[in-house]
Structures are given as C-alpha cells and as structure tokens.
2 protein chains.
Amino acid sequence: MTYCVGMQLDAGLIFMSDTRTNAGVDNISTFRKMFCWQIPGERVITILTAGNLATTQSVISQLEERGKHPSERRPSILKAPSMFQIANIVGETLRDTISRGAMAGAQAESRFDATMILGGQILGMPPRLFLIYPEGNFIEASPDTPFFQSGETKYGRPILVRAYEPGMSFAEAAKLLLVSFDSTLKANLSVGLPFDLQIVPAGECRVGYETRIETNDPYFTEISKGWSEALKQAFKSLPPYVLPG
Amino acid sequence: MTYCVGMQLDAGLIFMSDTRTNAGVDNISTFRKMFCWQIPGERVITILTAGNLATTQSVISQLEERGKHPSERRPSILKAPSMFQIANIVGETLRDTISRGAMAGAQAESRFDATMILGGQILGMPPRLFLIYPEGNFIEASPDTPFFQSGETKYGRPILVRAYEPGMSFAEAAKLLLVSFDSTLKANLSVGLPFDLQIVPAGECRVGYETRIETNDPYFTEISKGWSEALKQAFKSLPPYVLPG
C-alpha cells in the first residue's frame, strides 16, 4: 500500500508521500512515489502515485517520453497551457495504461489500478491540485476539500480533518502531515519510512523546498514520541464516563 | 458499515457498537448490533455483529432457536461447557449461514460476509474474548492483542493503540471507546449514533451495566467537542517543522 497527501494552503502547495511498496508482506521494497517536473519560474508539476507499481512507473515513463532518445524528449505536460490540460493528459495516460494491463486480467492476480495526486502551478494562473482516478477522470481541490489523500487514507484522516487550516504556514503543515503519517505508520505495516516532502510556494512556479525524511530523522522521532504523549495527555484531560452507583 | 469494539481489561470486558446499517447511502436504518444472553451468576455471553444484516440476524435467530416454540427453546450456547465451545457454535452457525447465502451468489449484488466479536464468562473460568471470521474460525484476545474491532476499524484505531491500558477502569475505558467512536463518526457516514455500551465485570458472570448513548447524549457531546479541542491543542504543543532559510 501507500500513503500520499497533497494539500492546498494559502501559502501554496505541500506534498508528502511514503516510499513503501509491497507485494504481500514478504516482498517489500522502497520506491519513490513523488515525481516532479519544472521550468523554474514558468511551471512546476508534482505527481504523487498510489496503486500498482508497474502501472504508475509506466505512466511516469510515458509522461517523460522515455521511449524517445533523451535529446528528442519534449514532454507534453511541459507544453500544456493549463494545469487542467495537464490533468487531462495524466488521466488519459493512466486510463490507457490500466486498460492495457487489464486485457491480461484473467491471468493476473492483482488489479492494475492506480490513483494520482497532481498539483502545480503555471505562471499567471493560481496553484491547482487534482485527484486523478484510475478511470482517467479527476476532481479538483477547493476551499471545502482542500487536500487529497490516496492509498491507506483512513488512519491519518481524523487529525487532518481537525487540524487543517488554510492559513497555516508550511512549517505547521509539514508538522501536520508528519503527525498524519505517523498515525498511519503506527497502525499499518504497508506504509513506511522514508517519506518525501515537497513545498511549492504560491506564485513562484518552482519547488521551494524538498527533502527526504529518513528512518532516524530526529524531528520525526520527536514528533512521533511527542504525539503519542500529547494524545495520551489529551485523552486524560477529558472527563471520565460516569458510571452509576 | 458498522463499528464495534470488544475490549478485555483487568476489570472485565467492555463492549461498544454503533447501530447504523446501510445499503447504499440512501437506505439507512438503525439496528441493534449488540446481543446478550445470561444466566446471571452462572454465565454471560455478548456478541457484537458486523457485516451483512440478513446474515447476522439469521445467526442470532438460530442461536436463540427462534425456529422453535418459545417454551421449547434451549439455546445450546447456554449449555455449552466453555466459552471456547460457544465460539465454536457461533462460528459454525455463521459459516453455514453465509454458505447458504453464497449459493445465490451470482444473483446477489453484495456478499453475505459477517464478522462477530464474542465475549463473556462462565462461572469458574476467566472472561474470554474472541473474534469470529466469516469462515467460522476465530482468534482469541490475549495481553498482546487485548481488544478486537470490526467493521470500519481504521479511523478509531490510532487512539485505541496508544491509550489502551489493561489496568484502566471501566469509566476510563468507556471514555476511550467513545473517543474512538467519535473519530470514526467524524470521518465516515456509515457509522452512526446511537451507540450501545455494555460492561461485564470480571467474576460476576452477569451484565454489570448497559446503556444506549443517544444522539444528544450530553457526555458524548462533551467528549466529542473536548476531543476536537484537545487534539488541536496536542497538535499545537508539538514543535513546528524547521524549514531551512
């Protein structure tokens, strides 16, 4: 499985993804699920992938036109006039890739589904964030639904729903994402460190900050321990249920 | 969907279940999912059901021998010598019921699966807690895995994992269950109030306390608001992520 979140803030976009892929519990690997293309100052495009790894790698390769010689590659997502067009291109590539795999469906044990979170900004237009379904269609984030999760979404959702605020800083949002990822990690083996974190400040049309949070990252360790403790304290602070008699 | 939890404490057993059933989002009903049989002082047996409602109602009816005239009913679960035997009886009844339904599988849109949490105590033996699968087999709670969830389990799991302690009082455990149910309720439409709560003190072989927490229950409202606030405070108490530059 996987856990990815893309989030829209007043300050811009922030993305986080884990790196664990598994086929069963005894075939675990680390693969990057965050992919980024940019013409700094003109456009920045980030994709987070969840689902069948062969599908998502194939989609990314097609978007990068890896079938061509490096000197001849002109990825269409770098020429599309709007983020909406880019979402269309990614959605179509995803749908076509899945349907090719599905033709062998009777022989394959697993489905070839994949979901993608796409975010970015093109100069002169606001930052945009999309969730792209295996069918190739997509929805866009809005003030009512300002973030998208994919993969193993449930464990980490309660804190996102409660603590998200559009005006929060990137530093606060990174903390929120790490708490949400920590909850998921604690409950589910199929989500694992390291995590990739990326920040895209609104208006800059470039990646502002990018890092990989490794297994022994001291800040994550502090957040993880601190959150456990803070949760226990929060729980203790509530009044107990009053049993009669 | 459904959310049920059965939990083993040093003090005994505590159970909570929601009451929402749905077939799609526009066909929502309220059904009790907590069932109890007792010969006070000799044995107490509680079952929490999750899954296909026709299956679970059929299993409960068979366990109560509703096919017979009331005066002739001698439910075998009230005669079985051990909780393990009772788990066997419930498991077999569940498996047989599902396989009857599955024969019409090609015509039916949904599966007939169901899962049951079974707990109780028979005089002279310790309280025991089981999770019974649709296949009729089951696992038993132990100090390492002292509680079972069924249905929509993921949202409410992180707080259970962190705050559970075997030595907690029933009042603390009821609070913990309500917080876990609140997290689930906030995130998932298919889990809904009212909730049924039951407490079985160790050694008494009877239901010690039972209540239904209704939609406007003032304690639940307080917990729900308080937990949102406490979570936000807990989140704020953590140090922010430090961005370079």
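Quick note: the coordinates plus some simple rules give every number you see, no bench work behind them. Everything numeric in this text was worked out from a predicted model, so none of it was measured. Cβ atoms come from the backbone with ideal geometry, glycine included; neighbour counts cover every protein chain shown.
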> Loop-only check: which GluC sites (Glu not before Pro) in the range A:197-245 are DSSP coil with at most 12 other Cβ within 10 angstrom?
Replying inline: A:Glu214
> When the chain is fully extended, how far beyond the present Cα-Cα distance does B:Ala23 get from B:Trp37, taking 0.36 nm per residue of separation?
Replying inline: 2.2 nm
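For the range A:3-237, calculate the relative contact order in percent as a whole number, restricting contacts to Cα pairs under 8 Å that are 6 or more residues apart.
Details: 440 pairs, mean separation 66.8, N = 235.
Dividing the mean separation by the residue count of the range A:3-237 yields 28 percent.
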> Quick one: helix A:218-237 against the long Cα principal axis of chain A, what's the angle to the nearest 10°, folded into 0 to 90?
Replying inline: 40
> Once you put a point 7 Å from the Cα of B:Leu189 and another 7 Å from the Cα of A:Gln85, both along the Cβ direction, what distance in nm separates them?
Replying inline: 3.6
> Once every DSSP H run of n ≥ 4 in chain A is given -39500 (n - 2.57) and the sum is divided by its residues, what mean residue ellipticity at 222 nm do you get, rounded to the nearest 500 deg cm²/dmol?
Replying inline: -10000 deg cm²/dmol
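Taking neighbour Cβ counts within 10 Å as the exposure measure, how do A:Thr56, A:Thr215 sort from fewest upward?
Numbers: A:Thr56 25, A:Thr215 10.
Arranged by neighbour count, lowest to highest, A:Thr56, A:Thr215 become A:Thr215, A:Thr56.
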> How far apart are the A:Val161 label points across copies, placing each 7 Å from Cα toward Cβ, in nm, shortest first?
Replying inline: 1.8
> Percentage of Cα-Cα pair distances in chain B greater than 28 Å, rounded to whole percent?
Replying inline: 35
> Where is the GNM fluctuation largest for chain A (alpha-carbon springs, 10 angstrom cutoff): A:Val207, A:Val90, A:Val25?
Replying inline: A:Val25
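For A:Ser237 and B:Ile139, what does the FRET efficiency come to when R0 = 51 Å and r is the distance between their Cβ atoms, rounded to the nearest 0.05? Numbers along the way, then the final one.
Values: r = 34 Å, r/R0 = 0.67.
So the FRET efficiency works out to roughly 0.90.
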> Using 7 Å Cα-to-Cβ label points, what is the B:Arg206/B:Thr30 separation (nm, one decimal)?
Replying inline: 2.9
>> Checking the cross-link filter: which lysines have an alpha carbon closer than 26 Å to that of B:Lys186, excluding same-chain neighbours under 8 positions apart?
In response: A:Lys154, A:Lys175, A:Lys186, A:Lys225, A:Lys232, A:Lys236, B:Lys33, B:Lys154, B:Lys175, B:Lys225, B:Lys232, B:Lys236
> On a 0 to 90 degree scale, rounded to 10, what angle separates helix B:53-63 from the longest Cα axis of chain B?
Replying inline: 50
>> Using the basic label-point model (7 angstrom from Cα toward the beta carbon), what is the B:Ser61 to A:Glu65 distance in nanometres?
In response: 6.6
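Sorted by packing (mean other beta-carbon atoms within 10 Å per residue), highest first, where do A:148-154, B:233-239 land? Don't skip to the answer; put the middle values down first.
Working: A:148-154: 22.9, B:233-239: 16.0.
Going from most to least packed, we get A:148-154, B:233-239.
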> Tilt of helix B:170-187 relative to the longest C-alpha principal axis of chain B, in degrees (0 to 90, nearest 10)?
Replying inline: 80
> Separation of the range A:168-233 and the range A:1-74 by C-alpha centroid, Å?
Replying inline: 18
> Between copies, how far does the label point of A:Gln233 sit from its twins, in nm, shortest first, when each point is 7 Å from Cα along Cα→Cβ?
Replying inline: 1.0
